[in-house]
Structure formats: structure tokens, C-alpha cells
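Each remark here refers to the structure printed beneath this line.
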Amino acid sequence: MTRIFSGVQPTGNLHLGNYLGAIRNWVRLQRDHESIFCVVDMHAVTVWQDPVELSKSTREVTAAFIAAGIDPETCVIFNQSAVPGHAQLAWVFNCVARMGWLNRMTQFKEKAGKHKENASVGLFAYPALMAADILLYKATHVPVGEDQKQHLELTRDVAQKFNNDYGREVFPITEPLILGEATRVMSLRDGTKKMSKSDTSDFSRINLTDDADLIAQKIRKAKTDPEPLPNDVAGLEDRPEAANLVGIYAALADKNREEVLAEAGGWAFSQFKQALTELAVETLGPMNAEMARLLEHPDEIDAILRRGAERAQAIAGPVLDEVYDTVGFLRV
Ligand code: AQP
């Protein structure tokens, strides 16, 4: 049996990277796999979040899942803090994971930056909570963008060490699923930086809530180089901005980059950007409208999250009981 788990942080507007790197793959995988999708609000508070914005963003991310095509009837959709087992298992994993493992995590280094001493303990321990999110459901596969690969490796290490330490095969060794042509979408302002919700420049990303005019403006202003597009993928080397736009185009068109360049090789960026805008608007336009419609009915979103949390709890409960028995926590 395969079971998929994945999550998104409600830390602001979702962007094209979250969509192409993660959510769109979930939509495709839900047909053939038992699927659990989580709005990971406990991860969000590892850096400061305004409480009102956090609740709003939790509903927005839920609406984005559904607008993108995730079916709340067949999939479990819920917010992490509604199922206490995430925090309970994370504590056990804090005691399994080693400081040395967490010290190697590049995302912590990037997010904590020069002010490591001021970062929250939660930000440092984030990967142990992520391991708990996944293993609380004994998920076998986790579809994510490339930036999460290292955290997934840590999840595997935690599962392995727990199983070894206690001499019982409690947890599966989860496989990452990093799929598609846009596993790492880069900033539109700097092709060497990941497109990110927390980038201070809104022009660095295309948000799922952007309207057609704004999408067009952002693509028009996207950084490029003076050369026309190359005729093959080898010609994208050392041209990070060109590689990024071609990757985005390929993912949106459901083609590979070779196919895109076979058609668009030799085009000036102005022509390519026009075609990319049309494609982006065609994909994001209907999603944007559906999200807006859903957000007019917050009660319906809350009902979906409530029902999702009940279903998640029904799977998580027995797993947590098994962990408690394995560890020797007395349940009387
Ligand atoms: N640029 C990206 N390209 C491809 N995939 C991406 N993902 C994120 N950015 C890109 C994938 O989206 C999923 C959810 O990510 P997240 O919200 O949990 O956290 P993140 O990876 O830290 O995303 P952001 O946008 O950079 O958020 P902030 O700025 O708040 O840290 C994951 O599967 C991720 O791989």
C-alpha cells in the first residue's frame, strides 16, 4: 500500500514554485494513492507570524489546494495543529535525531542567516517535526520540491534510528517524490535564488492570487540576459534566468525543456515572455477565480479542515499508541 503525505506552510501567498514543485503533483498523485495533505501551521510559527494573518493564510492555503484540484472527499486535508500527535511524535523524534544531523541542515542556515543565536529552537528542530508529520501516518511517499530533499533524508534517518534503537520495524523508510520540470523554481529577479513566499520583493514570484495584469507585469520585468533563447538545453548552462523561465514554461506546458527549445530556440525574450504570460494566465486564471469563490465561504473551508482533522486523527491515533508502547510510555 502506498500512502502520500505532504504539506505547505501558511506563511503568505502561495506562489508558482509551490504549485509546480508540489501541489500540481499532488493533484496527479491523488488518483492512485491514499493522500493526506496538511497546512503546516506549526512549522509556520518557527518564525514570527501575525496571529490574524496566520489564520487567514491557513484558510487561503486550504482554498488553494482545493482550487488546484485536490478533492477533499477522497484526500484528507487538515491543519497540523488540529492533530496533537504531530507535536507528541515530534518530541520523541527530538530525542532520536542528533544535534549533528540538524546542524547540517542547509535550510536552517539559510533562514537563520547571520543571527543563529536569535533563531527559535523550533526553527532548528523543524526537520524533526517534519519527520513526525510524515511518520505519524506511516507515509510511504512524500511529493516535494527539491529544496526539501535534505529534510526527507533526515526523516529516513530518524525512522531508521528509531526502528534500530527499539528493535522494531515501526516506521517505513519514506521515499521522496521530486517530479516534473520545475522542481526548483527560481526568483524572477535573481535566477540563483529560490522563488520564496518570504522574499521581500513581490516581483520575485508569481502568486496564485495574482491577476492576469500582474502576472504579465511580473513576467515582463523578469530578469533575463541579452542573448536570444538557445536551441538546446546545453545552451542554458550559466544562464540561470533563461533556464528558470524555460523550466517554468516547460512545466506549465507539460513538455520537457528540449521540446520547448526545439520550438522557441532563437526567440528573443520579449516573444518568449509573451508566450509564457499566456500560458501562466491560462493555468492560474481559473484557479485564482475558484480560490476567490471558496474564500467567500470560510465556514465551508473550516468544515473541510474539521472533517480532515478527524480523518487524520483516526489514522494517527493508533500509530502514536504503537510509538508510546514501543518507547515504554505508560498508558493507563
Ligand atoms: N521555488 C520552489 N520551487 C519548487 N518547489 C518549491 N516549494 C517551495 N518553493 C519552491 C515546495 O513547495 C512545498 C511547500 O513549501 P513550504 O511552504 O512548506 O516551504 P518552503 O519550501 O520554505 O517554501 P517557501 O515559499 O520558500 O516559503 P517560506 O518563504 O515561508 O520559507 C514544498 O514541497 C516545497 O518543496
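The values are calculated or read from the model by the stated rules, or taken from the named source; none is laboratory data. Computed from a predicted model, the values in this text were never measured in an experiment. Here the Cβ positions follow ideal geometry from the backbone for every residue, glycine too, while neighbour counts run over all protein chains shown. SASA here: full protein model, heavy atoms, side chains in, ligands and nucleic acids out. Shrake-Rupley method; radii C 1.70, N 1.55, O 1.52, S 1.80 Å.
Each row is one residue, and each column tells you yes or no for (1) within 14 Å of the ligand (Cβ to nearest atom); (2) in contact (Cβ under 8 Å) with a residue 60 or more places away in the chain.
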site	(1), (2)
175	no, no
196	yes, yes
210	no, yes
223	no, no
248	yes, yes
257	no, yes
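Residue 188 is checked against (1) touching a residue at least 60 places away in the same chain (Cβ under 8 Å); (2) surrounded by 16 or more Cβ atoms within 10 Å (Cβ to Cβ) and fails just one. What number does that condition carry?
(1)
With the structure loaded, tell me whether residue 251 is open to solvent by less than 10 Å² (accessible area, probe 1.4 Å), in a helix (DSSP H, G or I) and touching a Gly at 6+ places or on another chain (Cβ under 8 Å) or whether it fails that test.
Judged against the criteria, residue 251 is a match.
Could you tell me whether the stretch 10-33 includes any residue that is touching a residue at least 12 places away in the same chain (Cβ under 8 Å), in contact with a Lys or Arg (Cβ under 7 Å, 6 or more places away or on another chain) and hydroxyl-bearing (Ser, Thr, Tyr)?
There is at least one residue in the stretch 10-33 that is touching a residue at least 12 places away in the same chain (Cβ under 8 Å), in contact with a Lys or Arg (Cβ under 7 Å, 6 or more places away or on another chain) and hydroxyl-bearing (Ser, Thr, Tyr).
Output the residue which, of all residues in the stretch 157-180 that are in a loop (DSSP other than H, G, I, E, B) and open to solvent by 70 Å² or more (accessible area, probe 1.4 Å), is nearest to residue 12 (Cα to Cα). It would help to see each step written out before you state the result.
Taking the stretch 157-180 first, the residues in a loop (DSSP other than H, G, I, E, B) are 167-174, 178-180.
The next check asks that each one be open to solvent by 70 Å² or more (accessible area, probe 1.4 Å); those that pass are 168-169.
Working: 168: 40, 169: 38 Å.
So the residue we want is 169.
Go through the stretch 191-208 and count every residue that is open to solvent by 60 Å² or more (accessible area, probe 1.4 Å) and either in the same structural domain as residue 289 (by TED's automatic domain parsing) or assigned to a strand (DSSP E or B) (or both).
Here the count works out to 1.
Kindly provide the set of residues from the stretch 254-264 that are among the aliphatic types (A, V, I, L, M) and open to solvent by 30 Å² or more (accessible area, probe 1.4 Å), ordered by number.
The initial filter retains those residues of the stretch 254-264 that are among the aliphatic types (A, V, I, L, M), namely 260-262, 264.
Selection gives 262 alone.
Can you pull out every residue in the stretch 301-332 that is closer than 19 Å to residue 63 by Cβ, touching a helix residue (DSSP H, G or I) at 6+ places or on another chain (Cβ under 7 Å) and open to solvent by 40 Å² or more (accessible area, probe 1.4 Å)?
If the condition is that a residue be closer than 19 Å to residue 63 by Cβ, touching a helix residue (DSSP H, G or I) at 6+ places or on another chain (Cβ under 7 Å) and open to solvent by 40 Å² or more (accessible area, probe 1.4 Å), then 304 is the only one that fits.
Going through the stretch 140-156 one residue at a time, which ones are more than 14 Å from the ligand (Cβ to nearest atom) and either open to solvent by 70 Å² or more (accessible area, probe 1.4 Å) or free of Cβ contacts under 8 Å to residues at least 24 places away in the same chain (or both)?
156
So residue 110 clears everything in (1) at pLDDT below 95; (2) open to solvent by less than 90 Å² (accessible area, probe 1.4 Å); (3) acidic (Asp, Glu) except one condition, right? Which one?
Every condition holds for residue 110 apart from (2).
Report the residue count in the stretch 209-224 for those that are in a loop (DSSP other than H, G, I, E, B), over 22 Å from residue 146 (Cβ atoms) and open to solvent by 40 Å² or more (accessible area, probe 1.4 Å).
To start, the set of residues in the stretch 209-224 that are in a loop (DSSP other than H, G, I, E, B) comprises 209-211, 222-224.
When the remaining residues are screened for being over 22 Å from residue 146 (Cβ atoms), the result is 209-211, 224.
Filter once more, so that each one left must be open to solvent by 40 Å² or more (accessible area, probe 1.4 Å): 209, 211, 224.
So the count comes out to 3.
Counting only residues that are open to solvent by less than 60 Å² (accessible area, probe 1.4 Å) and not in a helix (DSSP H, G or I), which one in the stretch 265-297 is nearest to residue 223 (Cα to Cα)?
Ranking the candidates gives 268 first.
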